[in-house]
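Readers should treat all values here as calculations from the given coordinates under stated rules, not as data from a laboratory. Predicted model, so just to flag it, every value in this text is computed and none were measured. Ideal geometry is used to build each Cβ from the backbone, glycine not excepted, and the neighbour counts take in all protein chains shown.
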Amino acid sequence: MSGLDIQAIRKDFPILDQEIYGFPLAYLDNAATSQKPVQVIDAVADYYREDNANVHRGVHRLSQRATDAYEGARSKVRDFVSAQSDKEIVFVRGATEAINLVAHSFVRPMLHAGDEILISHMEHHANIVPWQMLCDQVGAKLVVIPMTEKGELDLTTFDDLLTSKTKIMAVGQVSNALGTINPVKMMTEKAHAKGIPVLIDGAQAVPHMPADVQDLDCDFYVFSGHKMFAPTGIGALYGKQAILEEMVPWQGGGDMILSVSFEKTLYNELPYKFEAGTPNISGAIGLGAAIDYMQSVGIAELAAYEHELLMYATAQVGGLEGLRIIGTSDQKASVLSFMIDGVHPHDVGTIFDQQGVAIRTGHHCAQPVMQFFGIPATARASFAFYNTMDEVDALVGAIQKVQELFA
Amino acid sequence: MSGADLRDLYQQVIMDHNKKPRNFRDMADANHLAHGNNPLCGDTLVVYVKLNGDVIEDVSFQGSGCAISVASASLMTEALKGKTVAEADAIYQQMHEQMTGGEVDMATLGKLEVLGGVREFPARVKCATLSWHTMHSAMESDADGQVTTE
């Protein structure tokens with residue numbers, strides 16, 4: 001067993017201590033959004049109580065403190081993903097905005113009719129639709145890496161999919177619907193060998209494993225704060241400095257300029273060139289606090305414990321009759337998607353809820369994955385390091401309740 | 001407590017219609033049809049209607065969805081078959097009232113009363129109403145499923 005003191009950790013997450021319909025809440029919807037520790041909640045509240053002011057502007061004391069806290073959070077993100085410089089970290093609303101930014105400011109100016117954008121079959125809609133919109137605008141082609149029945153990428157034809165027309169490869173590190181961990185480092189290496197830039201969607205990876213952009217050598221790495229114990233509405237884009245320097249701005253406005261006249265505007269330096277308008281200051285500070293929290297628990301430690309949870313849940317749930325696990329790769333983060341024979345996932349979700357077990361049911365914003373398996377939706381339990389083996393047992397009990405009711 | 005609540009939602013009649021949906025079939029000679037889908041949960045269905053003058057001579061559906069959605073569609077086809085357009089409209093209105101917590105006329109609702117439990121589960125109301133909205137569009141469309149502007 002891991003060395004984590006789960007009961008002590010749970011005390012940091014006040015929301016977990018409540019009853020739903022008389023049952024203790026088992027929050028197993030972490031892949032949708034994670035809960036926030038008091039350390040994050042307090043960091044946000046303290047900022048508004050003590051330091052609130054606009055950043056990068058005023059000479060007054062509060063503005064200095066707000067700026068220091070905001071830029072301090074950027075340094076924490078830089079350290080968290082092992083970037084080389086704070087200039088490589090752009091604060092955004094989340095992974096979705098980061099992908100749209102790269103699509104607009106990096107890919108669009110160099111994309112022509114007949115060019116290709118390479119994604120995979122198991123992407124979240126956020127890593128499909130921005131590229132599709134771009135392809136439609138210029139007449140480029142969206143090319144899709146196929147997947148297998150186990151829910152792994154089928155890389156048998158991968159080399160052929162990387163062509164001289166491929167302008168970017170954008171793939172998820174961990175599938176939100178299946179939990180599969182993709183071999184993105186190897187894929188990046190192969191893409192780079194053909195001169196193709198790479199974006200990695202780390203939204204589902206950052207809560208579960210160390211993110212190291214030096215090791216991955218990707219050109220862009222994106223993630224959302226809210227899936228890693230930070231507030232909603234904040235996330236980060238990492239981009240290699242030399243690439244970000246060359247890119248056109250994303251949105252225009254205040255803070256992203258050096259000087260403005262009606263004849264010409266000079267853009268600000270990195271990363272501010274990409275941060276128009278007053279940013280989500282409290283969100284960034286909350287994200288910094290979440291990183292501190294994860295590092296205090298230990299990312300390797302939490303990953304090891306989550307793996308134990310997943311193994312236990314897979315054995316318990318997989319042992320039940322009349323149930324099929326969707327996504328059976330050996331390389332998985334703590335996501336367990338499943339179908340109960342003869343019962344629609346939506347009914348599963350309602351019956352679970354009545355027993356205090358919160359899961360996600362639906363297509364998980366990954367409809368192509370659902371189409372691949374020929375199903376409309378799945379029930380998905382997803383774990384964080386504050387979950388317990390007892391909560392896995394509650395999940396199993398809830399499944400048995402569904403089967404009883406639908407017998 | 002929770003068991004009783006769930007039984008209000010998943011009543012025997014609903015479970016039966018989910019397992020053995022009535023009028024669950026294609027209809028080659030339908031003169032009205034419409035496609036319905038709930039993008040949130042992925043439920044999709046087609047409702048077929050054969051109108052003979054003012055009377056719903058036949059009504060059927062196909063598709064996939066949760067127990068509430070399938071049972072509601074199945075019960076709907078049973079309730080509407082043989083009714084006039086005006087009667088069907090009155091039943092549609094009563095279903096709407098039942099789902100939104102308004103005053104309902106049990107005589108008009110009949111067996112559809114079993115769907116009343118859905119009201120206590122706001123996240124599921126759309127499951128119960130999808131087939132009804134689709135039927136409503138079908139009545140205003142032609143056999144190709146094109147909703148007419150009239």
Using just the alpha carbons, could you tell me how many Å³ per residue the convex hull of the range B:49-113 encloses? 78 Å³
Find how many whole Å separate the alpha carbon centroid of the range A:243-288 from the alpha carbon centroid of the range A:299-357. 42 Å
Largest-first ellipsoid semi-axes for the range A:99-193, taking √(5λ) over the Cα gyration tensor eigenvalues, angstrom: 22, 15, 11
Could you bin all the Cα-Cα distances of the range B:2-139 into 10 Å bins starting at 0 and give me the percent of pairs in each, rounded to whole numbers? 13, 46, 34, 6, 0
Test of understanding: what is the full-extension gain from A:Asp42 to A:Asp136, defined as 0.36 nm times their sequence separation minus their Cα-Cα distance? 29.4 nm
Could you compute the FRET efficiency for A:Asp154 and A:Glu245, with r as their C-beta to C-beta distance and R0 at 41 Å, rounded to 0.05? 0.65
Förster radius 22 Å - calculated FRET efficiency between A:Ser85 and A:Leu258 (Cβ-Cβ, nearest 0.05): 0.70
Placed amide H near A:Ile326: partners under 5 Å, 5+ positions off or other chain: A:Ser337, A:Phe338, A:Met339
Kirkwood Rh, the range A:205-339, all Cα pairs: how many Å? 18.2 Å
Evaluate the Kirkwood expression for the hydrodynamic radius of chain A, namely the inverse of the mean inverse distance over all pairs of different C-alpha atoms, and round to one decimal in Å. 22.2 Å
Cα centroid distance between the range A:372-407 and the range A:23-52, in Å? 24 Å
Using a simple spin-label model with points 7 Å from Cα along the Cα→Cβ vector, what separation in nm is obtained for A:Glu301 and B:Asp105? 6.8 nm
Dipole of the range B:2-139 [Lys/Arg +1, Asp/Glu -1 at C-beta], most positive-end residue of B:Leu45, B:Leu109, B:Met95: B:Leu45
What residues from the range B:16-58 fall in the zone where the backbone N is under 19 Å from a label point 7 Å along the Cα-to-C-beta line of B:Ala86? B:51-57
For A:Gln371 and A:Ala113, FRET efficiency with R0 = 25 Å and r from the beta-carbon atoms, rounded to 0.05? 0.35
Suppose every Lys and Arg Cβ carries +1 and every Asp and Glu Cβ carries -1, with no other charges. What dipole size does chain A come out with about its Cα centre, to the nearest 20 debye? 840 debye
Taking the alpha-carbon distance from A:Lys87 and a cut-off under 20 Å, which lysines remain once sequence neighbours fewer than 8 residues away in the same chain are dropped? A:Lys76, A:Lys240, A:Lys273
Charge dipole of the range A:270-358 about the Cα centre (unit charges at C-beta), most positive-ward option of A:Ala290, A:Val317, A:Phe274: A:Phe274
Distance from the Cα centre of the range B:79-104 to that of the range B:3-24, in angstrom? 20 Å
For all pairs of alpha-carbon atoms in the range A:287-407, what percent lies in each bin of width 5 Å, listed from the first bin to the last filled one? 2, 11, 20, 22, 19, 13, 8, 4, 1, 0
Residue-wise HN-Hα coupling along the range A:68-73, computed from phi with Karplus coefficients 6.51, -1.76, 1.60 (Hz; x: Gly, Pro): 4, 5, 5, 6, x, 5
Do the alpha carbons of any pairs in A:Lys165/A:Lys227; B:Lys20/B:Lys81; A:Lys165/A:Lys264; A:Lys167/A:Lys264 sit beyond 26 Å of each other, and which pairs? A:Lys165/A:Lys227; A:Lys165/A:Lys264; A:Lys167/A:Lys264
Kirkwood Rh in Å, taken over the range A:81-144 so that all alpha-carbon pairs contribute: 12.8 Å
The range B:74-150 - Rg and Dmax from Cα coordinates, angstrom: 12.9, 37
